[in-house]
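Data block below; observations after.
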Amino acid sequence: MDRPAWAPRSIDISVPSVSRMYDFYLGGSHNFEVDREAARRAMEFLPGLPKIMQANRAFMRRAVRYAADQGITQFLDIGSGIPTFGNVHEVAQAARPGARVMYVDHDPVAVAHSQAVLEGNDGAAVVAADLRKPQDILRSPEVERLIDLNQPVALLLVAILHFVEDEDDPYGAVAELREALAPGSLLVLTHASYEGIPLPPERAGGAVDVYEEIRNPLIMRSREEIARFFEGYDMVEPGLVAMPRWRPDTTPEDDDPYAFSGFAGVGRTA
């Protein structure tokens, strides 16, 4: 297998990566055949995966514009993945010139490609770190340089928490991040769930098994379990809903049925 110039030498390109699979679902080019093969196997059970990912990205963009409209100029995107068109810094800086965006990911490909995309953009940067270790993120020189935690921040945890197993205490990590945020900050979150998927859970579970096989378990939580991540936040209307139903730009009923899989929401710190 040939190694593209953009692939860091440190990564094993024979092992699938969830961020590169996500890039493939969105039609990106920063993925390998091993990622495409795993994604296609998952799509055999859950053919609407690309539609789910597109709905996820569309929600993210709406939520970033909402945050900017609320006067927020700082964005901390944890589990940011590989940048694609209409990413957080593009949306935020278009809505709020001078907005600062800090991307965080533990995938070397995501970090390397983000560095290339962000070159020359003084208001955006990326750091290699893991959601499961919040203090490593908060105390990193990159975050300290770009983000003032004494001012409101939009914290994005978009399509990342369903890759954190309960034994790694995702609720504790989210609470630790919340405690570091100034009043008026926002939590922007999406999460996978069997609820809303237009297939029997046992069939959709085949896709979950694929992620288990590549050692990136996909944790499908219930709406009630996802709502727990918003403890300490006041929910922004319309609350925790299917992604197309959160402040839509168009009529949600026009969306593909798969777009309604999982949940999205925004909360505000008091």
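Pairs are defined by a Cβ separation below 7 Å, a sequence spacing of at least 6 or placement on different chains, a first member in region 228-239 that is touching a residue at least 40 places away in the same chain (Cβ under 8 Å) and under 11 Å from Thr269 (Cβ atoms), and a second member that is surrounded by 14 or more Cβ atoms within 10 Å (Cβ to Cβ) and among the charged types (D, E, K, R); the pairs so defined are Gly232/Arg178; Tyr233/Arg268. Quick check on this structure: which one of Pro170, Pro252, Pro244, Pro201 is at pLDDT below 95 and surrounded by 14 or more Cβ atoms within 10 Å (Cβ to Cβ)? Every option except Pro252 fails the conditions. Summed over region 29-57, residues that are touching a residue at least 60 places away in the same chain (Cβ under 8 Å), part of a loop (DSSP other than H, G, I, E, B) and open to solvent by 80 Å² or more (accessible area, probe 1.4 Å) total 0. Of all residues being of a type in the set (Ser, Thr, Tyr) and farther than 18 Å from Phe24 by Cα in region 48-98, which is nearest to the chain's Cα centre (by Cα)? Just the residue, please. Among those that are of a type in the set (Ser, Thr, Tyr) and farther than 18 Å from Phe24 by Cα, it is Tyr66. The residue that is surrounded by the fewest Cβ atoms within 10 Å (Cβ to Cβ), counting only those in region 213-241 that are of a type in the set (D, E, K, R) and in contact with a Phe, Trp or Tyr (Cβ under 7 Å, 6 or more places away or on another chain), is Arg228. For region 93-115, filtering for residues that are in a loop (DSSP other than H, G, I, E, B) and farther than 24 Å from Ile72 by Cβ leaves 2.
I'd like the full set of residues that are over 16 Å from Phe59 (Cα atoms) and either surrounded by fewer than 22 Cβ atoms within 10 Å (Cβ to Cβ) or in contact with a helix residue (DSSP H, G or I) (Cβ under 8 Å, 6 or more places away or on another chain) (or both), limited to region 149-160.
At the first step, the residues of region 149-160 found to be over 16 Å from Phe59 (Cα atoms) are 149-153.
The answer is Leu149, Asn150, Gln151, Pro152.
If you scan region 127-143, which residues turn out to be farther than 24 Å from Ala264 by Cα, open to solvent by 20 Å² or more (accessible area, probe 1.4 Å) and touching a helix residue (DSSP H, G or I) at 6+ places or on another chain (Cβ under 8 Å)? Ala128, Gln135 - these are the residues of region 127-143 that are farther than 24 Å from Ala264 by Cα, open to solvent by 20 Å² or more (accessible area, probe 1.4 Å) and touching a helix residue (DSSP H, G or I) at 6+ places or on another chain (Cβ under 8 Å).
Looking for something under 30 Å from Gln151 (Cβ atoms), of a type in the set (D, E, K, R) and surrounded by 16 or more Cβ atoms within 10 Å (Cβ to Cβ) - is there at least one such residue anywhere in region 178-194?
Taking region 178-194 first, the residues under 30 Å from Gln151 (Cβ atoms) are 178-191.
From the residues that got through so far, the ones that are of a type in the set (D, E, K, R) too are 178-179.
Those left that are additionally surrounded by 16 or more Cβ atoms within 10 Å (Cβ to Cβ): 178.
Within region 178-194 (the criterion being under 30 Å from Gln151 (Cβ atoms), of a type in the set (D, E, K, R) and surrounded by 16 or more Cβ atoms within 10 Å (Cβ to Cβ)), the answer is yes, since at least one residue qualifies.
Scan region 116-126 residue by residue and report those that are open to solvent by less than 80 Å² (accessible area, probe 1.4 Å) and either not in a strand (DSSP E or B) or not aliphatic (A, V, I, L, M) (or both). Spell out how you get there, then give the answer.
Let us first name the residues in region 116-126 that are open to solvent by less than 80 Å² (accessible area, probe 1.4 Å), namely 116-118, 120-121, 123-126.
Matches in region 116-126: Ala116, Val117, Leu118, Gly120, Asn121, Gly123.
Looking only at region 1-28, which residues are in a loop (DSSP other than H, G, I, E, B) and either hydroxyl-bearing (Ser, Thr, Tyr) or modelled with pLDDT of 95 or more (or both)?
To start, the set of residues in region 1-28 that are in a loop (DSSP other than H, G, I, E, B) comprises 1-17, 26-28.
Answer for region 1-28, where residues must be in a loop (DSSP other than H, G, I, E, B) and either hydroxyl-bearing (Ser, Thr, Tyr) or modelled with pLDDT of 95 or more (or both): Ser10, Ser14, Ser17.
If I filter region 61-76 for residues that are in a helix (DSSP H, G or I), open to solvent by 10 Å² or more (accessible area, probe 1.4 Å), among the acidic types (Asp, Glu) and at pLDDT 95 or above, do I get at least one hit? Within region 61-76, one or more residues are in a helix (DSSP H, G or I), open to solvent by 10 Å² or more (accessible area, probe 1.4 Å), among the acidic types (Asp, Glu) and at pLDDT 95 or above.
The values are calculated or read from the model by the stated rules, or taken from the named source; none is laboratory data. It should be emphasised that the depicted structure is a prediction, and the values quoted were computed from it without experimental measurement. Note: ideal-geometry Cβ built from the backbone for every residue, glycine included; neighbour counts use all protein chains shown. Note: areas computed on protein heavy atoms with side chains; ligands, DNA, RNA excluded. Shrake-Rupley method; radii C 1.70, N 1.55, O 1.52, S 1.80 Å.
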